[in-house]
Amino acid sequence: MSDAAGSPIAVQAGEKMYDLVKELYPICRSITGDGVRLTLDIIKQRIPLTVHEVPSGTQVFDWTVPREWNINDAYIITPTGEKIAEFKKHNLHVLNYSVPIRRKVMLEELKQHLFTLPAHPDWIPYRTSYYKDNWGFCLPHRQMESLPEGEYEVVIDATLEDGHLSYGEYLIPGETSDEILFSCHICHPSLCNDNLSGIALTTYLAEYLATRSSRYSYRFLFIPGTIGSITWLARNEDRARRIKHGLVVTCVGDAGPFTYKKSRRAQAHIDRAVLHVLEQSKERHNVIDFYPYGYDERQYCSPGFNLAVGSLSRSSHGQYPQYHTSADNLDLVSAENLQESLQTYLDVIDVLENTRTYINQNPKCEPQLGKRGLYSSVGASADGKLKEMALLWVLNLSDGEHDLLQIAERSGEPFAAVRDAAAALVRCGLLLEAGDGAAA
Ligand code: ZN
């Protein structure tokens, strides 16, 4: 995946990703409904997504595709005639997937349907009620505390009817049918880091990879959380076996350090590739073991599939104060952070695409590198010493037993240096790829 000169891949898309977040931010999404469709339409202006519509009631493993939720308006009228918790001012004000309601209630009853965050009294929380019929409103705690006794009118002008679950899919074919999966959820309303940052990164990653030739095929899924991945897996059980590596993309726009949640396999190639990239970055980062909660990796890593899918984010699921609140807004994410995240994803892809196993064709003592021009070509550069060590490591460990990622791990050299060293050694005939008639 490196260009002809072997330099690291880089694409500048930070501003474009941020603009996409901004465009998608006002839309009220849920696990089903027109907000999801509109979101997919906007992504489709950038990449040729196939949009699937799965009817409500469809059985998907142990689950059933739910009804479609659409909303026009929602608000509360106070005893003094004031309109509050207006959906049209902030879509987090309505309990997502609320059943429709229009009635008068006393404050005491209303309070059973109000959700607030006492620890952050000015923020609106994000709450859902997908698999249990309920209605409700979310509002700043400070506002809730100031509500007077009396009769309130509550209006949620929404529909919950049989319809479809919508999701988007895009496949970029590579030299082989082995696939790398990137999956993001598209079901959250106005929340930037959790949801929109993942959509933006996945979109521009796909747009970029479509311009490159690659060894792997790349599959991109834009799906409602949980029910979307379950639906895709139920409809694509055989195809899922082609997924060799995968990442769930979310929370990639904030300023937090990178967090990698390992796949259930823990030692899969994707786990090692991400860890190598993060360690080489020399930046602070967190690594956490797989646990059966979080995002769609829960489904990809269920025991019946056990796919090598981890999740690479910045701040992680539930671990930042703005998580699932109105403070996860356009100020929490930035073009710079999105760009850095995209570059990290590309670095991981570089490892996955270019990890091969080679065999040293001159294994009895070191070959003389000087007479092949290898010392002179690298010795002059500032980091010549580093590249020389990479050459020696690649020669020493290319015995058919170690692939380039293993050589990078053991030597502590950056993968790109090892990759470039291997390419130089192949050019002068000192290395042959295993399986290419090379003998160990
Ligand atoms: Zn979430």
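Mind listing the phi-derived Karplus ³J(HN,Hα) values for segment 153-161, rounded to whole Hz, using 6.51, -1.76 and 1.60 with θ = phi - 60°, and x for any glycine or proline?
For segment 153-161, the Karplus-derived couplings read 9, 10, 10, 10, 8, 9, 10, 10, 9 Hz, x marking Gly and Pro.
Pull out a ≥ b ≥ c, the square roots of the eigenvalues of the alpha-carbon gyration tensor of segment 169-318, then state rounded if a/c is under 1.5, prolate if not and a/b is larger than b/c, and oblate in the remaining case.
Values: a/c = 1.23, a/b = 1.17, b/c = 1.05.
Because its axes are fairly even, with a/c under 1.5, segment 169-318 counts as rounded.
Give, as ranges by residue number, the residues of segment 136-176 whose backbone N falls under 20 Å from the point 7 Å along Cα→Cβ of ALA119.
Within reach of a label on ALA119, which here means backbone N under 20 Å from a point 7 Å along Cα→Cβ, segment 136-176 contributes 138-145.
Averaging sequence separations of C-alpha pairs under 8 Å and six or more residues apart, then dividing by the length of segment 68-161, give the relative contact order as a whole percent.
Over segment 68-161, the number comes to 45 percent.
Within the set of other residues whose C-beta is less than 9 Å from the C-beta of VAL155, count the net charge using Lys and Arg as +1 and Asp and Glu as -1.
With Lys, Arg at +1 and Asp, Glu at -1, the net is -1.
Name the residues whose placed amide hydrogens come within less than 5 Å of the amide hydrogen of LEU307, ignoring near sequence neighbours (fewer than 5 apart) on the same chain.
CYS301, SER302
Where only protein heavy atoms count, and the probe is 1.4 Å, what is the accessible area per residue for segment 68-161 in Å²? All intermediate terms of the calculation are to be shown ahead of the outcome.
Details: 4660 Å² over 94 residues.
Value for segment 68-161: 50 Å² per residue.
Ignoring ligands and nucleic acids, what accessible area does LYS244 show with a 1.4 Å probe (Å², nearest 10)?
Approximately 80 Å² for this residue.
Mind checking the full-extension length gain between GLU82 and ALA423? Use 0.36 nm per residue of separation minus the Cα-Cα distance, one decimal, nm. Don't jump to the answer; show the numbers that get you there.
Details: separation 341, 0.36 × 341 = 122.76 nm, distance 7.06 nm.
Fully extending the segment from GLU82 to ALA423 adds 115.7 nm.
Return the lysines within reach of LYS132: Cα separation strictly under 29 angstrom, same-chain partners fewer than 8 residues apart disregarded; answer none if there are no such residues.
LYS83, LYS88, LYS89, LYS104, LYS111
Under a point-charge model restricted to the Cβ atoms of Lys and Arg (+1) and Asp and Glu (-1), what is the dipole moment magnitude of the chain relative to its Cα centre, in debye to the nearest 20? Write out the running numbers ahead of the final one.
Values: 43 positive and 56 negative charges, 156 e Å.
In total the dipole reaches around 740 debye.
Treating cross-link reach as a plain straight distance, find the aspartates and glutamates whose alpha-carbon is under 14 Å from the alpha-carbon of LYS261, omitting any fewer than eight places away in the same chain.
ASP271, ASP289, ASP296, GLU297
Which lysines, if any, have their Cα less than 21 Å from the Cα of LYS44, not counting same-chain residues under 8 positions apart?
The qualifying lysines are LYS16, LYS22.
Can you tell me what percent of all Cα-Cα pairs in the chain are more than 30 Å apart?
Values: 47699 of 96580 pairs.
Value for the chain (Cα pairs over 30 Å): 49 percent.
Enter the angle in degrees (range 0 to 90, nearest 10) between the Cα long axis of helix 269-281 and the first principal axis of the Cα atoms of the chain, meaning the one along which they spread out most.
Its long axis makes an angle of about 80 degrees.
Counting Lys and Arg as +1 and Asp and Glu as -1, what is the net charge of the other residues whose Cβ lies under 14 Å from the Cβ of GLU109?
On the way: positive: ARG103, LYS104, LYS111; negative: GLU108, GLU149, GLU151, GLU153.
That sum, taken over residues with Cβ under 14 Å, equals -1.
Sequence-distant or interchain residues sharing an amide H contact under 5 Å with GLY256, placed H: which?
Counting only residues 5 or more places away or on other chains, the set is SER315.
Carbon and sulfur together cover what percent of the accessible area of the chain at a 1.4 Å probe radius? Mind showing how you got there, number by number?
Working: 8760 of 18480 Å².
That fraction is 47 percent.
Taking amide H positions as placed in the peptide plane 1.01 Å from N, state which residues far from THR325 in sequence (5 or more) or on other chains have amide H under 5 Å from it.
TYR126
Students sometimes get this wrong: rank ASP238, ASP178 by accessible area, probe 1.4 Å, all chains present, largest first. Walk me through the numbers before you get to the answer.
Values: ASP238 130, ASP178 60 Å².
Result of the area sort, largest leading: ASP238, ASP178.
Applying the Karplus parametrisation 6.51 cos²θ - 1.76 cosθ + 1.60 with θ = phi - 60° to the phi angles of segment 235-242, what ³J(HN,Hα) value in whole Hz is obtained for each residue in order, glycine and proline being reported as x?
So the J values, rounded to whole Hz, are 8, 9, 4, 6, 4, 4, 5, 7.
Sort out for me the Cα centre separation of segment 111-157 from segment 285-310, rounded to whole Å.
Cα centres, segment 111-157 to segment 285-310: 33 Å.
Which of the peptides 98-110, 114-126, 417-429 is most tightly packed, and how do the rest follow, judged by the mean count of other Cβ atoms within 10 Å per residue?
417-429, 114-126, 98-110
Helix 384-397 against the longest principal axis of the chain: what's the angle in degrees, Cα atoms only, rounded to the nearest 10?
Approximately 80 degrees, to the nearest ten.
Less than 14 Å Cβ to Cβ from LEU92, Lys/Arg counted +1 and Asp/Glu -1: what total charge do the surrounding residues give? Please list the in-between numbers first.
On the way: positive: ARG29, LYS88, LYS89, ARG127; negative: GLU86, ASP122, ASP194, ASP328.
Computed value for this residue: 0.
Might you work out the accessible area of PHE290 for me, using a 1.4 Å probe with all protein chains in place, and round it to the nearest 10 Å²?
Accessible area of PHE290: about 50 Å².
What number, rounded to the nearest 500 deg cm²/dmol, is the helix-based mean residue ellipticity at 222 nm of the chain, given -39500 (n - 2.57) per DSSP H run of at least four residues and division by all its residues? Please report the intermediate quantities before stating the final value.
On the way: 14 runs with 136 residues, N = 440.
Rounded to the nearest 500, it is -9000 deg cm²/dmol.
Kindly report, to the nearest 10 Å², the accessible surface of ILE77 as traced by a 1.4 Å probe over protein heavy atoms only.
Surface accessible to solvent at ILE77 totals approximately 40 Å².
Report the relative contact order of the chain, percent, no decimals, based on alpha-carbon pairs under 8 angstrom and at least 6 residues apart.
The value is 17 percent.
If one takes the longest principal axis of the Cα atoms in the chain, at what angle in degrees, from 0 to 90 and to the nearest 10, does the Cα axis of helix 34-44 lie?
30
Give me a comma-separated list of calculated 3J(HN,Hα) values for segment 350-359, in order, Karplus coefficients 6.51, -1.76, 1.60 applied at θ = phi - 60°, integers in Hz, x for any Gly or Pro.
Once θ is set to phi - 60°, the couplings for segment 350-359 become 4, 5, 5, 5, 10, 6, 10, 10, 10, 10 Hz.
The values are calculated or read from the model by the stated rules, or taken from the named source; none is laboratory data. Since this is a predicted model, take the numbers as computed values, not measurements. No Cβ is skipped: glycine too gets one built from the backbone with ideal geometry, and neighbour counts run over all protein chains shown. Just so you know, the surface numbers come from the protein's heavy atoms only, side chains and all, with ligands and any DNA or RNA stripped out. Shrake-Rupley method; radii C 1.70, N 1.55, O 1.52, S 1.80 Å.
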